[in-house]
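Every read-out reported here was derived from the displayed coordinates using simple, explicitly stated rules and does not represent laboratory data. A quick note: this is a predicted structure, and the numbers were derived from the prediction, not measured. Neighbour counts run over all protein chains shown; Cβ positions are idealised from the backbone, glycine included.
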Amino acid sequence: MSSKAHSSNNIAHARRTVQQLRIEASIERIKVSKASADLMNYCSEHGRNDPLLMGIPASDNPFKDKKPCTIL
Amino acid sequence: MAAEKAEIDALKKECDGLRTKIEAARKAVNDGSMSAAAGGVASVGRVQLKNRKTLKGHLAKIYSLHWAADSRQMVSASQDGKLLIWDCFTGNKLVAVPLKSAWVMSVAFAPSGNLVASGGLDNMCTVYNIKAASPKTLRELDAHTGYLSCCRFLSDSEILTASGDTTCCLWDLETGKQKTVFTNHIGDCMSLALSPDQNTFISGACDSLAKLWDLREGTCKQTFSGHTSDINAIAFFPNGHAIVTGSDDCSCKMYDLRSDQEVIGYQDSSLNAGVTSLALSNSGRLIFAGYDDFNCHIWDTLKGEKVGVLSGHDNRVSCTGVPEDGMGVCTGSWDSFLKLWN
């Protein structure tokens with residue numbers, strides 16, 4: 001690769017990096033305390049509907065192998 | 001030459017300035033950690049799940065699994081050269097899809113349940129119609145110049161792929177062509193996840209970065225750093241406002257998208273194995289992370305504490321998944337077995 005092509009590659013790369021960083025620098029950010037509170041609220045609102053958290057009664061458990069019943 | 005050097009120096013200076021600006025903006029909103037905020041939240045106690053079923057059928061290492069949208073069927077991929085579709089309620093195998101290339105690294109179920117996709121060291125993503133009398137190859141998506149590490153369907157007509165060639169790609173399944181190529185990572189892309197609203201997706205790569213992308217614009221919106229090695233696994237928190245990553249540096253991290261930074265880390269000095277895969281429970285309160293130490297460790301998302309472990313595999317846990325109804329966790333391992341827990 002000629003040195004001219006090489007250096008224009010470097011410039012193109014540097015320009016893309018600057019453009020990308022401009023995008024990332026421009027966003028609005030909320031406080032971590034608010035973000036944490038929102039995540040905590042979501043967990044607490046949905047916790048009672050989370051089967052892995054609440055447990056699943058044997059009769060409702062789709063993965064549990066059902067043992068055959070014998071009528072004695 | 002001198003003019004070019006001057007421009008490069010100016011651009012480099014601007015880069016440094018922007019990086020400093022980003023760090024300062026993140027610091028300015030960093031008014032407290034999540035684990036401190038969650039101090040008052042009730043503990044989940046010890047989470048003890050039982051192994052309800054072991055799915056046997058693969059003859060070699062399992063590399064990937066994905067639940068169907070019905071929370072009953074699940075597809076797994078093994079380097080024995082087969083995809084197996086299971087009925088997880090009965091443990092029966094429903095369909096076996098023989099692969100042209102045995103070196104599979106990823107598998108996905110379409111939301112419709114009609115299609116599955118897989119790919120790996122063949123650099124391709126192959127889409128199969130599994131509703132036909134016998135599985136039929138629908139498309140071979142061939143444009144990546146590196147291995148296929150992850151794939152996810154948006155619908156029966158669009159699929160997202162992540163590749164060792166450092167790019168992610170959105171494909172049109174009607175034409176078999178690339179719609180959008182997402183370029184910005186400087187290391188192999190290892191994992192991707194779609195946002196709940198399907199407007200964005202996240203990727204984790206060997207450059208130790210996680211990136212958030214706008215699906216339609218094709219641009220990278222945010223970059224998250226902090227890991228010190230490859231990110232192998234990535235997932236959205238259920239409300240789409242945060243992401244969780246798992247890495248070869250033996251830790252998981254949660255990054256909040258709106259505060260643009262890490263809010264809590266999940267690591268333990270006794271855990272010296274890389275994280276291969278992860279999935280969240282439906283409320284987001286639990287993280288199931290598969291590790292190279294043959295276990296799947298369970299973390300309390302809010303408090304950052306280890307609250308349980310799924311033990312039973314005889315080799316690395318390579319993939320982990322929770323179905324949409326949240327009724328269980330499935331782990332897949334290099335020991336060739338899949339285990340269902342709840």
Legend entry - Rg ratio (alpha-carbon, reference 2.2 N^0.38 Å) - the stretch B:227-278: 1.10
Legend entry - Two-site label geometry, A:Met54 and B:Asn129: point separation in nm, points 7 Å out along Cα→Cβ: 4.1
Inset, instruction - Quick one: pull the percentage of alpha-carbon pairs in the stretch B:83-148 with a separation above 18 Å. - result: 35
Legend entry - Low-density loop positions, GluC sites (Glu not before Pro), the stretch A:12-69 - DSSP coil, at most 10 other Cβ in 10 Å: A:Glu28
Inset, instruction - Could you work out the equivalent-ellipsoid semi-axes for the stretch B:199-295, taking the square root of 5 times each eigenvalue of the Cα gyration tensor, largest first, in whole Å? - result: 22, 15, 11
Inset, instruction - Quick one: dipole size for the protein assembly as shown, taken about the Cα centre, charges +1 on Lys/Arg Cβ and -1 on Asp/Glu Cβ, in debye to the nearest 20. - result: 500
Legend entry - Above-threshold pairs, the threshold being 18 Å between Cα atoms, out of B:Lys61/B:Lys136; B:Lys27/B:Lys303; A:Lys66/B:Lys50; B:Lys21/B:Lys303; B:Lys56/B:Lys93: B:Lys61/B:Lys136; B:Lys27/B:Lys303; B:Lys21/B:Lys303
Inset, instruction - For A:Asn41 paired with B:Ser269, estimate the spin-label separation in nm (one decimal), with each label point 7 Å from Cα along the Cα-to-Cβ line. - result: 3.8
Legend entry - Cα-based radius of gyration of chain B once divided by 2.2 N^0.38 Å, which approximates compact folds: 1.00
Inset, instruction - Can you tell me the equivalent ellipsoid semi-axes for the stretch B:141-234? Use √(5λ) from the Cα gyration tensor, largest first, whole Å. - result: 21, 14, 11
Inset, instruction - May I ask you to list the trypsin sites (Lys or Arg not before Pro) in the stretch B:75-182 that are in a DSSP loop and have at most 14 other Cβ atoms within 10 Å of their Cβ? - result: B:Lys100, B:Lys131
Legend entry - For the stretch B:1-68, average projected area of the Cα convex hull in nm²: 12.8
Legend entry - Potential extension, B:Thr145-B:Lys56 segment - 0.36 nm per residue separation minus Cα distance: 28.6 nm
Legend entry - Mean-position separation - Cα centroids, the stretch B:272-325 and the stretch B:107-173, in angstrom: 26
Legend entry - Rg/Rg_globular for the protein assembly as shown, with Rg_globular taken as 2.2 N^0.38 Å and Rg from C-alpha atoms: 1.02
Inset, instruction - Run the numbers on the stretch B:48-341 and let me know its relative contact order in percent, using alpha-carbon pairs under 8 Å that are six or more apart. - result: 14
